[in-house]
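K.L.:
Quick one: this structure, given as structure tokens, is what I'll be asking you about.
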Amino acid sequence: AWTPVNYTANKFNGPTPLRVALEKSLNTVTARLAAQIGMEPIGQTIEKFGIMDHMPRLYAMALGAGETTPLRHTAAYAMLANGGKRITPTLIDRIQDRYGKTVFRADQRECEGCGEAEWKNQPVPAIPDKREQIADPGSVFQLTTMLEGVVARGTGTVVKAVGKPIAGKTGTTNDWQDAWFVGFSPDLAAGVYIGYDEPVNLGSNETGGHLAAPVFRD
């Protein structure tokens, strides 16, 4: 049988608000929530945010047992920062030739007036936002405030030293093999992963808050 435990192993806090559980990375609360709502909606959400293409409907997935990449993981958090609108990450935004002419542009949105060579008191161009809304904006706002709590009071407090509003989450896999911190400010999202190509123990108690979060802070 699957027997999830918290970071503190056999120490449990009893009934705990979901916000506090997220801040403190209490696995058992997440596991209980997954058992109550079922893995199907959880899987659909993970796939909708692009973290995984096909998530096995197994309870351990609710605690992050599935594999993903730092790019996919960070892009998902960027979608939270954008109010739940889909983002497609790009490695190259634009290419221009030797004469300054754009020969490739990842952003395919139409923008009337963006090509004007000079300003003649015309209004600022309005770029249409046609991105797909993949999550309820109100729910995304609530989740963002919960992730701010991770930095303010939880496992990511080392990031508070940045001195600006930041939401994020630490992550640590079994046997201290992987350490994560992914977070965002109002205008920037970043992800930090620390681990080896072939998973090995990083050292006792080497958590995402201890290893990855300081890199994010710096």
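K.L.:
Can you name the residue in the stretch 77-108 that is in contact with a helix residue (DSSP H, G or I) (Cβ under 7 Å, 6 or more places away or on another chain) and among the aliphatic types (A, V, I, L, M) and is also most open to solvent (accessible area, probe 1.4 Å) among such residues?
P.N.:
Ile87
K.L.:
Here's another thing I want to ask about it. Name every residue in the stretch 1-33 that is assigned to a helix (DSSP H, G or I) and either of a type in the set (D, E, K, R) or within 21 Å of Gly183 (Cα to Cα) (or both), in order of residue number.
P.N.:
Those that are assigned to a helix (DSSP H, G or I) and either of a type in the set (D, E, K, R) or within 21 Å of Gly183 (Cα to Cα) (or both): Leu18, Arg19, Val20, Ala21, Leu22, Glu23, Lys24, Asn27, Thr30, Arg32.
K.L.:
Search the stretch 59-76 for residues being in contact (Cβ under 8 Å) with a residue 40 or more places away in the chain and touching a helix residue (DSSP H, G or I) at 6+ places or on another chain (Cβ under 8 Å), and hand back the single one that is most open to solvent (accessible area, probe 1.4 Å).
P.N.:
Checked the stretch 59-76; the qualifying residue most open to solvent (accessible area, probe 1.4 Å) is Tyr59.
K.L.:
Can you tell me which of Gly84, Gly50 is touching a residue at least 12 places away in the same chain (Cβ under 8 Å) and either of a type in the set (Val, Ile, Thr) or within 23 Å of Ala179 (Cβ to Cβ) (or both)?
P.N.:
Only one candidate passes the filter, namely Gly50.
K.L.:
Under 6 Å by Cβ, and 6 or more places apart or on different chains, what pairs join a residue from the stretch 195-218 that is touching a residue at least 40 places away in the same chain (Cβ under 8 Å) and assigned to a helix (DSSP H, G or I) with one that is of a type in the set (Gly, Ala, Ser) and open to solvent by 70 Å² or more (accessible area, probe 1.4 Å)?
P.N.:
Arg217/Ala161
K.L.:
Check off (1) aliphatic (A, V, I, L, M); (2) open to solvent by 60 Å² or more (accessible area, probe 1.4 Å); (3) more than 26 Å from Asp187 (Cα to Cα); (4) at pLDDT 95 or above for Met55 and give me the number that stays unchecked.
P.N.:
(2)
K.L.:
Do we find a residue being in a loop (DSSP other than H, G, I, E, B), in contact with a Ser or Thr (Cβ under 8 Å, 6 or more places away or on another chain) and hydroxyl-bearing (Ser, Thr, Tyr) anywhere in the stretch 55-78?
P.N.:
no
K.L.:
I would also like to ask the following. So is Ala167 closer than 20 Å to Pro41 by Cβ, small (Gly, Ala, Ser) and surrounded by 17 or more Cβ atoms within 10 Å (Cβ to Cβ) or not?
P.N.:
No.
K.L.:
Would you say Thr74 is hydroxyl-bearing (Ser, Thr, Tyr), closer than 30 Å to Asn13 by Cα and in contact with a strand residue (DSSP E or B) (Cβ under 6 Å, 6 or more places away or on another chain)?
P.N.:
Values: hydroxyl-bearing (Ser, Thr, Tyr): yes; closer than 30 Å to Asn13 by Cα: no; in contact with a strand residue (DSSP E or B) (Cβ under 6 Å, 6 or more places away or on another chain): yes.
Answer is no for this residue.
The values are calculated or read from the model by the stated rules, or taken from the named source; none is laboratory data. Since this is a predicted model, take the numbers as computed values, not measurements. Note: ideal-geometry Cβ built from the backbone for every residue, glycine included; neighbour counts use all protein chains shown. Just the protein is used for accessible areas: all its heavy atoms, side chains included, with ligands, DNA and RNA removed. Shrake-Rupley method; radii C 1.70, N 1.55, O 1.52, S 1.80 Å.
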